[in-house]
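Peer 1: I am attaching a structure below and will ask some questions about it afterwards.
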Amino acid sequence: MKRILLLALPTLMLFSCKKESKTTDISAYSLNQYRNKHQITAQQFQADAANGSSFVTAKGIWVKVPAGAFTTLAGTAVTSGTINIAITEYFNSADMIFGKVSTVASNNTVLLTGGMFNITATQNNQELKLKLGQTLRVAIPAPVNNDPDMLIFKGQEIADVPNRVEWREADPKWAPLDTPIGSNTHFYDFMINDLKWWNLDKYHDLGNGRTKMSATLPSDFSNKNAFICLVMPNNGAVHLAPDGSVSQVFTTGNYTIPIGIQVKVLSVGTQNDQLYFNISGPVTVTSNMNVTVPGLATATDEQVTNAIKGL
(Lines give C-alpha, C1' and ligand atoms only; values in the text may rest on other atoms or scores of the structure.)
Protein backbone atom coordinates (compact mmCIF):
# COMPACT_ATOMS: atom_id res chain seq x y z
CA MET A 1 0.00 0.00 0.00
CA LYS A 2 1.37 3.35 -1.01
CA ARG A 3 1.56 5.87 1.85
CA ILE A 4 2.11 9.56 1.34
CA LEU A 5 2.51 12.43 3.75
CA LEU A 6 0.41 15.41 2.81
CA LEU A 7 1.59 18.85 3.77
CA ALA A 8 -1.33 21.20 4.32
CA LEU A 9 -1.51 23.96 1.75
CA PRO A 10 -0.66 27.36 3.24
CA THR A 11 -3.95 28.83 2.10
CA LEU A 12 -5.88 26.05 3.82
CA MET A 13 -4.05 25.88 7.15
CA LEU A 14 -5.59 29.10 8.25
CA PHE A 15 -5.52 29.02 12.01
CA SER A 16 -3.25 28.39 14.93
CA CYS A 17 -3.34 29.45 18.53
CA LYS A 18 -2.18 28.20 21.88
CA LYS A 19 -4.09 25.16 22.99
CA GLU A 20 -6.13 25.57 26.15
CA SER A 21 -5.19 23.41 29.08
CA LYS A 22 -8.15 21.75 30.77
CA THR A 23 -8.36 18.91 33.21
CA THR A 24 -11.50 17.35 31.75
CA ASP A 25 -11.52 16.07 28.18
CA ILE A 26 -15.06 16.33 26.77
CA SER A 27 -13.92 16.13 23.16
CA ALA A 28 -16.33 13.42 22.01
CA TYR A 29 -19.29 15.47 23.23
CA SER A 30 -17.88 18.63 21.64
CA LEU A 31 -17.49 16.99 18.23
CA ASN A 32 -21.07 15.76 18.25
CA GLN A 33 -22.16 19.19 19.42
CA TYR A 34 -20.38 20.82 16.48
CA ARG A 35 -21.84 18.45 13.89
CA ASN A 36 -25.34 18.61 15.31
CA LYS A 37 -25.22 22.40 15.40
CA HIS A 38 -24.56 22.50 11.66
CA GLN A 39 -26.89 19.66 10.69
CA ILE A 40 -28.99 20.51 7.64
CA THR A 41 -32.54 21.32 8.74
CA ALA A 42 -35.73 20.34 6.96
CA GLN A 43 -37.85 22.93 5.19
CA GLN A 44 -41.57 22.81 5.94
CA PHE A 45 -44.36 23.09 3.35
CA GLN A 46 -48.10 22.47 3.31
CA ALA A 47 -50.25 20.79 0.68
CA ASP A 48 -54.03 20.55 0.33
CA ALA A 49 -55.03 16.88 0.49
CA ALA A 50 -58.23 17.44 -1.51
CA ASN A 51 -56.89 19.71 -4.25
CA GLY A 52 -53.14 19.23 -4.34
CA SER A 53 -50.42 21.89 -4.22
CA SER A 54 -46.95 22.76 -5.44
CA PHE A 55 -43.95 24.46 -3.85
CA VAL A 56 -40.35 25.44 -4.53
CA THR A 57 -37.56 24.77 -2.02
CA ALA A 58 -34.79 27.16 -1.02
CA LYS A 59 -32.40 25.59 -3.55
CA GLY A 60 -34.93 25.50 -6.33
CA ILE A 61 -36.48 22.01 -6.27
CA TRP A 62 -40.05 22.19 -7.59
CA VAL A 63 -42.47 19.64 -6.13
CA LYS A 64 -46.04 19.10 -7.37
CA VAL A 65 -48.38 17.19 -5.05
CA PRO A 66 -51.57 15.84 -6.70
CA ALA A 67 -54.90 15.58 -4.91
CA GLY A 68 -55.45 12.40 -2.91
CA ALA A 69 -51.80 11.40 -3.07
CA PHE A 70 -51.39 10.03 0.47
CA THR A 71 -52.61 7.36 2.83
CA THR A 72 -51.81 6.54 6.42
CA LEU A 73 -49.24 3.80 7.01
CA ALA A 74 -52.20 1.48 7.61
CA GLY A 75 -53.56 2.32 4.16
CA THR A 76 -56.43 4.70 4.99
CA ALA A 77 -56.84 7.35 2.27
CA VAL A 78 -56.22 10.96 3.31
CA THR A 79 -58.80 12.96 1.36
CA SER A 80 -59.05 16.26 3.25
CA GLY A 81 -57.12 18.64 5.44
CA THR A 82 -53.55 19.88 5.34
CA ILE A 83 -50.58 17.67 4.56
CA ASN A 84 -47.32 18.76 6.18
CA ILE A 85 -44.35 18.04 3.95
CA ALA A 86 -40.75 18.24 5.15
CA ILE A 87 -37.89 18.26 2.65
CA THR A 88 -34.16 18.39 3.36
CA GLU A 89 -31.91 19.10 0.38
CA TYR A 90 -28.20 18.55 -0.21
CA PHE A 91 -26.60 20.20 -3.24
CA ASN A 92 -22.90 20.61 -2.49
CA SER A 93 -20.03 19.13 -0.51
CA ALA A 94 -20.69 21.31 2.54
CA ASP A 95 -24.33 20.18 2.65
CA MET A 96 -23.21 16.55 2.59
CA ILE A 97 -20.50 17.05 5.21
CA PHE A 98 -22.83 18.82 7.63
CA GLY A 99 -25.68 16.44 6.81
CA LYS A 100 -23.47 13.35 7.24
CA VAL A 101 -24.60 12.05 3.83
CA SER A 102 -22.26 10.36 1.34
CA THR A 103 -22.56 9.80 -2.40
CA VAL A 104 -21.95 6.04 -2.36
CA ALA A 105 -23.82 3.58 -4.59
CA SER A 106 -24.90 0.02 -3.87
CA ASN A 107 -22.39 -1.30 -6.46
CA ASN A 108 -19.58 0.10 -4.22
CA THR A 109 -18.79 3.07 -6.44
CA VAL A 110 -18.84 6.76 -5.55
CA LEU A 111 -21.20 9.13 -7.33
CA LEU A 112 -21.22 12.84 -8.15
CA THR A 113 -24.50 14.51 -7.27
CA GLY A 114 -26.62 17.10 -8.99
CA GLY A 115 -28.83 17.35 -5.92
CA MET A 116 -30.27 14.97 -3.33
CA PHE A 117 -33.19 15.30 -0.96
CA ASN A 118 -35.17 13.57 1.76
CA ILE A 119 -38.93 14.08 1.74
CA THR A 120 -41.54 13.02 4.31
CA ALA A 121 -45.24 13.74 4.83
CA THR A 122 -47.43 13.86 7.95
CA GLN A 123 -50.92 14.88 9.03
CA ASN A 124 -51.69 15.55 12.68
CA ASN A 125 -48.21 14.22 13.54
CA GLN A 126 -49.05 10.90 11.86
CA GLU A 127 -46.62 9.66 9.22
CA LEU A 128 -48.05 9.22 5.73
CA LYS A 129 -47.01 7.33 2.62
CA LEU A 130 -47.82 7.72 -1.05
CA LYS A 131 -50.97 5.97 -2.16
CA LEU A 132 -50.37 2.95 -4.39
CA GLY A 133 -50.15 4.17 -7.97
CA GLN A 134 -49.66 7.80 -7.00
CA THR A 135 -46.54 9.85 -7.72
CA LEU A 136 -45.12 13.25 -6.91
CA ARG A 137 -43.63 15.31 -9.72
CA VAL A 138 -40.17 16.66 -8.92
CA ALA A 139 -37.92 18.99 -10.90
CA ILE A 140 -34.31 19.54 -9.79
CA PRO A 141 -32.65 22.66 -11.23
CA ALA A 142 -29.77 22.26 -13.67
CA PRO A 143 -26.94 24.83 -13.30
CA VAL A 144 -26.88 25.64 -17.03
CA ASN A 145 -27.97 22.75 -19.26
CA ASN A 146 -28.97 19.18 -18.49
CA ASP A 147 -26.16 16.64 -18.17
CA PRO A 148 -27.16 13.51 -20.16
CA ASP A 149 -25.13 11.29 -17.82
CA MET A 150 -27.30 12.10 -14.81
CA LEU A 151 -29.47 9.27 -13.45
CA ILE A 152 -32.12 9.01 -10.73
CA PHE A 153 -31.18 7.09 -7.57
CA LYS A 154 -33.24 6.07 -4.55
CA GLY A 155 -31.59 5.95 -1.15
CA GLN A 156 -31.68 3.04 1.26
CA GLU A 157 -30.90 4.00 4.85
CA ILE A 158 -28.23 1.89 6.55
CA ALA A 159 -29.54 0.58 9.86
CA ASP A 160 -28.34 2.26 13.06
CA VAL A 161 -26.35 4.95 11.21
CA PRO A 162 -28.28 8.27 11.07
CA ASN A 163 -28.44 9.76 7.56
CA ARG A 164 -26.05 7.10 6.19
CA VAL A 165 -27.61 6.27 2.85
CA GLU A 166 -26.65 3.83 0.10
CA TRP A 167 -27.89 4.81 -3.35
CA ARG A 168 -29.50 2.43 -5.83
CA GLU A 169 -30.29 3.31 -9.44
CA ALA A 170 -34.07 3.76 -9.73
CA ASP A 171 -36.61 3.25 -12.50
CA PRO A 172 -37.73 6.88 -12.94
CA LYS A 173 -36.16 8.59 -15.94
CA TRP A 174 -35.84 12.33 -16.10
CA ALA A 175 -36.86 14.61 -18.94
CA PRO A 176 -35.58 18.13 -19.59
CA LEU A 177 -37.89 20.90 -18.44
CA ASP A 178 -37.10 24.35 -19.79
CA THR A 179 -39.71 26.43 -17.98
CA PRO A 180 -38.90 29.26 -15.56
CA ILE A 181 -39.78 28.22 -12.00
CA GLY A 182 -38.54 30.50 -9.28
CA SER A 183 -35.08 31.75 -10.27
CA ASN A 184 -34.23 28.72 -12.45
CA THR A 185 -34.99 27.88 -16.08
CA HIS A 186 -33.56 24.39 -16.76
CA PHE A 187 -34.63 21.31 -14.76
CA TYR A 188 -34.38 17.53 -14.51
CA ASP A 189 -38.08 16.58 -14.41
CA PHE A 190 -39.19 13.18 -13.07
CA MET A 191 -41.78 11.34 -10.96
CA ILE A 192 -41.20 9.63 -7.60
CA ASN A 193 -43.41 6.83 -6.30
CA ASP A 194 -42.11 6.76 -2.74
CA LEU A 195 -40.97 9.17 -0.05
CA LYS A 196 -37.64 9.38 1.85
CA TRP A 197 -34.34 9.63 -0.08
CA TRP A 198 -33.89 10.60 -3.75
CA ASN A 199 -30.81 11.70 -5.67
CA LEU A 200 -29.84 13.00 -9.09
CA ASP A 201 -26.41 11.44 -9.62
CA LYS A 202 -23.93 10.25 -12.17
CA TYR A 203 -21.16 7.68 -12.19
CA HIS A 204 -17.65 9.03 -12.47
CA ASP A 205 -14.87 7.01 -14.09
CA LEU A 206 -11.61 8.31 -15.57
CA GLY A 207 -10.78 5.03 -17.31
CA ASN A 208 -7.87 4.20 -14.96
CA GLY A 209 -9.66 1.69 -12.77
CA ARG A 210 -10.93 2.18 -9.23
CA THR A 211 -9.43 1.76 -5.79
CA LYS A 212 -10.12 1.79 -2.09
CA MET A 213 -8.48 4.55 -0.07
CA SER A 214 -7.61 5.26 3.55
CA ALA A 215 -6.39 8.13 5.71
CA THR A 216 -4.51 8.10 9.00
CA LEU A 217 -4.91 10.76 11.69
CA PRO A 218 -2.14 12.04 13.99
CA SER A 219 -1.65 10.06 17.20
CA ASP A 220 -3.77 12.34 19.39
CA PHE A 221 -6.90 11.87 17.26
CA SER A 222 -9.07 8.86 16.47
CA ASN A 223 -12.68 8.10 15.59
CA LYS A 224 -13.50 8.86 19.24
CA ASN A 225 -12.82 12.56 18.74
CA ALA A 226 -12.55 13.14 14.98
CA PHE A 227 -14.09 12.43 11.59
CA ILE A 228 -12.67 12.39 8.05
CA CYS A 229 -14.34 13.09 4.70
CA LEU A 230 -13.05 12.81 1.16
CA VAL A 231 -14.25 15.72 -0.96
CA MET A 232 -14.26 15.31 -4.73
CA PRO A 233 -14.71 17.96 -7.42
CA ASN A 234 -18.20 18.55 -8.78
CA ASN A 235 -20.06 17.68 -5.59
CA GLY A 236 -18.99 14.29 -4.36
CA ALA A 237 -18.28 13.45 -0.73
CA VAL A 238 -17.54 10.29 1.23
CA HIS A 239 -17.53 10.00 5.01
CA LEU A 240 -14.74 7.56 5.81
CA ALA A 241 -15.36 4.79 8.34
CA PRO A 242 -12.93 3.95 11.17
CA ASP A 243 -10.95 0.75 10.67
CA GLY A 244 -11.80 -0.64 14.12
CA SER A 245 -13.75 0.33 17.23
CA VAL A 246 -11.00 2.78 18.24
CA SER A 247 -8.82 3.72 15.30
CA GLN A 248 -6.68 6.46 13.79
CA VAL A 249 -7.15 4.87 10.36
CA PHE A 250 -10.28 5.65 8.35
CA THR A 251 -11.16 3.86 5.09
CA THR A 252 -13.61 3.94 2.20
CA GLY A 253 -14.65 0.42 3.29
CA ASN A 254 -16.03 -1.50 0.33
CA TYR A 255 -16.47 1.64 -1.73
CA THR A 256 -14.03 2.53 -4.51
CA ILE A 257 -13.12 5.83 -6.13
CA PRO A 258 -11.58 6.53 -9.55
CA ILE A 259 -7.81 6.28 -9.78
CA GLY A 260 -6.52 9.63 -11.01
CA ILE A 261 -9.28 11.76 -9.49
CA GLN A 262 -8.20 14.65 -7.29
CA VAL A 263 -9.60 14.75 -3.77
CA LYS A 264 -9.28 16.88 -0.67
CA VAL A 265 -9.14 15.26 2.75
CA LEU A 266 -11.09 17.04 5.47
CA SER A 267 -10.29 16.15 9.09
CA VAL A 268 -12.16 17.69 12.01
CA GLY A 269 -11.52 16.81 15.66
CA THR A 270 -11.79 18.08 19.20
CA GLN A 271 -9.67 17.95 22.32
CA ASN A 272 -10.39 19.60 25.65
CA ASP A 273 -13.40 21.40 24.20
CA GLN A 274 -11.29 22.93 21.39
CA LEU A 275 -11.96 22.39 17.69
CA TYR A 276 -9.12 21.27 15.40
CA PHE A 277 -9.11 20.76 11.66
CA ASN A 278 -7.08 20.23 8.51
CA ILE A 279 -7.83 20.29 4.79
CA SER A 280 -5.16 18.41 2.85
CA GLY A 281 -4.75 18.34 -0.88
CA PRO A 282 -5.94 18.22 -3.52
CA VAL A 283 -4.07 14.98 -4.11
CA THR A 284 -4.28 12.65 -7.09
CA VAL A 285 -5.58 9.24 -6.06
CA THR A 286 -3.34 6.25 -6.75
CA SER A 287 -4.00 2.55 -6.19
CA ASN A 288 -4.61 1.66 -2.51
CA MET A 289 -3.47 5.09 -1.40
CA ASN A 290 -3.15 5.93 2.27
CA VAL A 291 -3.02 9.61 3.19
CA THR A 292 -1.18 10.52 6.38
CA VAL A 293 -2.96 13.58 7.73
CA PRO A 294 -0.56 16.16 9.23
CA GLY A 295 -1.18 17.84 12.56
CA LEU A 296 -4.58 19.46 12.95
CA ALA A 297 -4.65 23.18 13.77
CA THR A 298 -6.89 24.84 16.33
CA ALA A 299 -9.79 26.88 14.99
CA THR A 300 -13.05 28.48 16.00
CA ASP A 301 -16.44 27.10 15.04
CA GLU A 302 -16.84 29.90 12.50
CA GLN A 303 -13.44 29.29 10.92
CA VAL A 304 -14.02 25.55 10.48
CA THR A 305 -17.51 26.13 9.12
CA ASN A 306 -16.38 28.75 6.60
CA ALA A 307 -13.54 26.49 5.42
CA ILE A 308 -15.97 23.61 4.84
CA LYS A 309 -18.34 25.89 2.94
CA GLY A 310 -15.41 26.96 0.79
CA LEU A 311 -14.55 23.44 -0.38
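The values are calculated or read from the model by the stated rules, or taken from the named source; none is laboratory data. Keep in mind that this is a model prediction, so the values were computed, not measured. Using ideal geometry, Cβ is built from the backbone for each residue, glycine included, and neighbour counts are taken over all protein chains shown. Note: areas computed on protein heavy atoms with side chains; ligands, DNA, RNA excluded. Shrake-Rupley method; radii C 1.70, N 1.55, O 1.52, S 1.80 Å.
Peer 1: With an 8 Å Cα cut-off and a minimum separation of 6 or more residues, compute the relative contact order for the stretch 84-182 in percent.
Peer 2: Value for the stretch 84-182: 28 percent.
Peer 1: Could you please state, rounded to a whole Å, how far the C-alpha centre of the stretch 183-229 is from the C-alpha centre of the stretch 35-59?
Peer 2: 23 Å
Peer 1: In Å², what does the accessible area per residue of the chain work out to with a 1.4 Å probe? Kindly include the intermediate steps, with their values, before the conclusion.
Peer 2: Values: 14320 Å² over 311 residues.
It amounts to 46 Å² per residue over the chain.
Peer 1: Comparing 133, 114, 52, which has the greatest mean-square fluctuation in the GNM of the chain with Cα pairs linked when under 10 Å apart?
Peer 2: Checking each option, the largest mean-square fluctuation is seen for 133.
Peer 1: Near residue 67, within a Cβ-to-Cβ distance under 14 Å, what is the net charge of the other residues, with Lys and Arg +1 and Asp and Glu -1?
Peer 2: +2
Peer 1: Oh, and also: Quick check: net charge around residue 142, other residues with Cβ under 12 Å of its Cβ, Lys/Arg +1 and Asp/Glu -1?
Peer 2: On the way: positive: none; negative: 147, 178, 189.
The answer is -3.
Peer 1: Here's another thing I want to ask about it. Excluding residue 110 itself, what net charge comes from residues whose Cβ is under 15 Å from its Cβ, given Lys and Arg +1 and Asp and Glu -1?
Peer 2: My count for the surroundings of residue 110 gives +1.
Peer 1: If packing is taken as the average count of other Cβ atoms within 10 Å, what order do 262-275, 137-150 fall into, highest mean first?
Peer 2: 262-275, 137-150
Peer 1: Per the 1.4 Å probe, what fraction of the accessible area of the stretch 126-201, in percent, lies on carbon and sulfur atoms?
Peer 2: Heavy-atom surface of the stretch 126-201 belonging to carbon and sulfur, 1.4 Å probe: 49 percent.
Peer 1: Next question, about the same structure. Hey, in the GNM for the chain with a 10 angstrom Cα cutoff, which one of 79, 252, 109 fluctuates hardest?
Peer 2: Largest GNM mean-square fluctuation: 79.
Peer 1: Pulled fully out, how much extra length does the chain show between residue 149 and residue 137, if you take 0.36 nm times their separation in residues and subtract their Cα-Cα distance? It would help to have the intermediate numbers written out before the result.
Peer 2: Numbers: separation 12, 0.36 × 12 = 4.32 nm, distance 2.06 nm.
Residue separation times 0.36 nm, minus the Cα-Cα distance, leaves 2.3 nm.
Peer 1: What's the FRET efficiency of residue 219 with residue 32 using the Cβ-Cβ distance as r and R₀ = 25 Å, to the nearest 0.05?
Peer 2: 0.70
Peer 1: Tell me, in nm to one decimal, what length is gained between residue 283 and residue 39 on full extension, where the rule is 0.36 nm per residue of separation less the Cα-Cα distance?
Peer 2: 85.1 nm
Peer 1: In nm, what is the difference between 0.36 nm times the number of residues separating residue 72 and residue 246 and their Cα-Cα distance?
Peer 2: Here the answer is 58.4 nm.
Peer 1: Could I ask something else about it? Looking at 279, 206, 290, which one has the Cα that reaches farthest to the positive end of the dipole of the stretch 179-311 (charges on Cβ: Lys, Arg +1; Asp, Glu -1)?
Peer 2: 206
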